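So the structure is just underneath, and the comments pick up after that.
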Amino acid sequence: MRHVLFLLGLVFLVTCASYAQSSAANPLLLAAPFTISSTGDVSAVSTSASSTALSLSPASVAPSSGDSLAANPFSGTSVSSAPAPNAAPDPQYVQGVFVNYNWQAYLGYTYTHFSAQGGISRNQNGFNLGIVRYFNSWFGVEGEMFATHDSPNNQSSWFLFGGGGPRFRWQARRGIEVFAHALIGYSHLTPQTAFGNQEAFGYELGGGADFPTPWRRIVLRAGADMIGTRYFSNNQFNPKVYGGVGFKF
């Protein structure tokens, strides 16, 4: 009986020693979660921890909406925290922009009606010349001369005036320039009459307008004045109308 027990114990020790040697030869078996079936097959056992660590879905690693702009600044959709801009103001409309020149010259036709004591009444036609120098957009100094002529009773008659003074202008719509002036100067009347001197102090008050043309420096002018003179110890107030071409430079 003792021999049988001794033999069984020896077999047990040998079996344990062989098992320990097989385990030491395969160290990965200690780290990986494997199990041995009753038939001796080795199979892997997946735990909740390993499956959680290895199975990462795209949704779990996708950045949040706040991080999307920082992660991908070139993405089509971005979230901005800047306040919305204010509404744009109403558009401003400009009627037009016109150049104001410092110098203007004028040449045109003039009509006057001259009447005085002694039954003198004449409708005269002629021309006038003018030049103005503006010092700003509205004020200038003007010089003008005009001469008108007629032939009553086949006798040549001239009425002349030359003077200067201030001139004022305003820019109207469509490029029209309105002006007013006040000139003082000298007048001359021919022929000599029995009523008195041929020369007298004269002045001119009135205004007009310059109308634009396709050529920027050329305008069409129309105006009307009142001419005051003092011939034969009496005051005369005679109308004058004119029209012509103005040049700006």
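The values are calculated or read from the model by the stated rules, or taken from the named source; none is laboratory data. Nothing here was measured: the structure is a model prediction, and the numbers come from that model. Cβ placement follows ideal geometry from the backbone for every residue including glycine, while neighbour counts extend to all protein chains displayed.
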Meets criteria (hydrophobic (A, V, I, L, M, F, W, C), closer than 15 Å to Gly228 by Cα and free of Cβ contacts under 8 Å to residues at least 60 places away in the same chain) for Ala182: yes
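The rows are residues; the columns are (1) surrounded by fewer than 17 Cβ atoms within 10 Å (Cβ to Cβ); (2) under 20 Å from Tyr106 (Cα atoms); (3) not basic (Lys, Arg).
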| site | (1), (2), (3) |
| --- | --- |
| His181 | no, yes, yes |
| Glu199 | yes, no, yes |
| Trp215 | yes, yes, yes |
| Tyr231 | no, no, yes |
| Asn235 | yes, no, yes |
| Lys240 | no, yes, no |
Residues (surrounded by 14 or more Cβ atoms within 10 Å (Cβ to Cβ) and not hydrophobic (A, V, I, L, M, F, W, C)) located in region 118-137: Arg122, Gln124, Gly126, Asn128, Gly130, Tyr134
Tally of residues being modelled with pLDDT of 95 or more and touching a Lys or Arg at 6+ places or on another chain (Cβ under 6 Å) across region 180-200: 1
